[in-house]
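The values are calculated or read from the model by the stated rules, or taken from the named source; none is laboratory data. Computed from a predicted structure; not experimentally measured. Positions of Cβ are backbone-derived with ideal geometry, glycine not excepted, and every protein chain shown enters the neighbour counts.
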Amino acid sequence: MGTIRLGKRTESRTPRIKDFVPLAELDDIVFGGWDIFKEDCYAAARTAGVVEPSQLEQVRGELEAIQPMSAVFDQRYVKRLSGPNVKKGKTKRDLADQVTADIRDFKERHGCERLVMVWCGSTEVFMKETAAHATVASFEKALEENDDAIPSSMVYAYAAIREGVPFANAAPNLTADIPAMLELAARTSAPVAGNDMKTGQTLIKTIIAPGLKARLLGVKGWYSTNILGNRDGEVLDDPESFKTKEESKKSALDYIFQPQLYPELYKDLCHVVRINYYPPRGDNKEGWDNIDLVGWLGYPMQLKINFLCRDSILAAPIVLDSALFLDLAKRAGMSGIQEWLSFYFKAPMHSPNVYPEHDLFIQLMKLKNTLRFMQGEELITHLGREYYD
């Protein structure tokens, strides 16, 4: 989370964010979740191969104590996965009630005062909003009728938000960003955030693109390709799941470059996104970008980026940050869409009357100003005239 500047630059007040706002202490957090596989978290971590065995051994006891609850899962929405640890129910409403029972039992068993849910499941197939998503009443009717418009992720979101539990969607699928969920969140005062954690290639795009735009460098093309070999890569090898991810990854540049305002620079941008499943790479993802630029007098230039990253190592800290900030939002009485958490997401949830903000630097300013506002501190605009008047 880093630090946050308070007041004027001359005041030298720069506390750590964790010391500035009343976040939950890490020692007070209890972790739990659902999985389609029965292995405990230590066994799952060994299988994933992300963290070195010597490091896992240091927390082996804590990880072995986390046994996954049986999951809501339907292979129609994630076609490349299957597992034995799956709930049974006559209707999706029945499954939602089972998740609700899990939430209540977990809270009581561990003596928790508050809960937060983050959907970290695999990318589901591409879906569009339907009449089933329009209101809480239509959504609950669709649950009873086992409507295909309700994937597994929505069952979890409904169960959490109905309990007033803050919810974040760390995947790109259509989940909580539908009118029914927002209506429910208003009723239960539940904060919601999403979608799709911004970790690898899109993180780099939202760092580089604002700089190109600020200097009004034209962009004719942006070709992005990824190779990864983890379970995420396997799931995205299915065209329908890839379509969901593609939509999430492609939206950022349109909003940052604003081609409607700068047609001569960005209107004809050719933006291509590819993801290739390559098992030997495991969790060590490689994101490669070729950017064709246009400079003064129309002279062509190129920028090439090769980001050899680790998918889960980038994602895990910001999942935790999101959970801590959502818990803070709940305690601060902030319900519904938490746009100030856009900093963490590829396809940020936003009010339907405004466009989403994708510029990483504006997102960070919004996040920090929200924290300043919560604590009664002056908002920082970076005008700075007072130093020279």
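Values as computed for the structure displayed
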{"read-out": "Selection status of Asp148, in a helix (DSSP H, G or I) and among the charged types (D, E, K, R)", "value": "no"}
{"read-out": "Looking only at region 59-96, and only at residues there that are free of Cβ contacts under 8 Å to residues at least 60 places away in the same chain, hydroxyl-bearing (Ser, Thr, Tyr) and in a loop (DSSP other than H, G, I, E, B), the one that is surrounded by the fewest Cβ atoms within 10 Å (Cβ to Cβ)", "value": "Ser82"}
{"read-out": "Residue satisfying all of: in region 7-25; within 31 Å of the chain's Cα centre (by Cα) and part of a loop (DSSP other than H, G, I, E, B); nearest to Met374 (Cα to Cα) among these", "value": "Val21"}
{"read-out": "Residue within region 126-139 that is closer than 25 Å to Asp311 by Cβ, in contact with a Lys or Arg (Cβ under 7 Å, 6 or more places away or on another chain), at pLDDT below 95 and in the same structural domain as Asn173 (by TED's automatic domain parsing) present", "value": "yes"}
{"read-out": "Cβ pairs under 7 Å, 6+ apart, first in region 121-133 and farther than 11 Å from Pro172 by Cα, second in a loop (DSSP other than H, G, I, E, B) and of a type outside the set (D, E, K, R)", "value": "Glu129/Leu174; Glu129/Ile178; Thr130/Ala149; Ala132/Ala149; Ala132/Ile150; His133/Ala149; His133/Ile178"}
{"read-out": "Count - residues of region 273-283 that are closer than 8 Å to Thr225 by Cα and either loosely packed, with under 14 Cβ neighbours inside 10 Å or acidic (Asp, Glu) (or both)", "value": "1"}
{"read-out": "Residue list for region 1-49, restricted to those being under 21 Å from Leu367 (Cα atoms), aliphatic (A, V, I, L, M) and in contact with a strand residue (DSSP E or B) (Cβ under 6 Å, 6 or more places away or on another chain)", "value": "Leu6"}
{"read-out": "Some residue of region 112-125 being of a type in the set (Val, Ile, Thr), at pLDDT 95 or above and within 30 Å of Asn230 (Cα to Cα)", "value": "yes"}
{"read-out": "Residue satisfying condition, being free of Cβ contacts under 8 Å to residues at least 60 places away in the same chain and under 23 Å from the mean Cα position of the chain (by Cα), within set Pro348, Pro317, Pro280", "value": "Pro317"}
{"read-out": "Residues located in region 34-50, provided they are surrounded by 13 or more Cβ atoms within 10 Å (Cβ to Cβ) and without any contact (Cβ under 8 Å) to a residue 60 or more places away in the chain", "value": "Asp35, Ile36, Phe37, Lys38, Glu39, Asp40, Cys41, Tyr42, Ala43, Ala44, Ala45, Arg46"}
{"read-out": "Selection within region 233-262 - at pLDDT below 80 and under 22 Å from Leu360 (Cβ atoms)", "value": "Lys245, Glu246, Glu247, Ser248, Lys249, Lys250"}
{"read-out": "Residue count, region 174-201 (criterion: part of a helix (DSSP H, G or I) and at pLDDT below 95)", "value": "1"}
{"read-out": "Selection within region 284-332 - in a loop (DSSP other than H, G, I, E, B), touching a Leu at 6+ places or on another chain (Cβ under 7 Å) and either on the phi > 0 side of the Ramachandran plot or surrounded by fewer than 16 Cβ atoms within 10 Å (Cβ to Cβ) (or both)", "value": "Gly295"}
{"read-out": "Qualifying position, being under 26 Å from Ile161 (Cα atoms) and among the hydroxyl-bearing types (Ser, Thr, Tyr), among Tyr42, Tyr77", "value": "Tyr77"}
{"read-out": "Filter pass, Asp289 being under 17 Å from Ala171 (Cα atoms), outside the structural domain of Met181 (by TED's automatic domain parsing) and acidic (Asp, Glu)", "value": "no"}
{"read-out": "Single residue of region 225-241 satisfying the filter (over 16 Å from Lys285 (Cα atoms) and touching a residue at least 12 places away in the same chain (Cβ under 8 Å)) that is surrounded by the fewest Cβ atoms within 10 Å (Cβ to Cβ)", "value": "Glu240"}
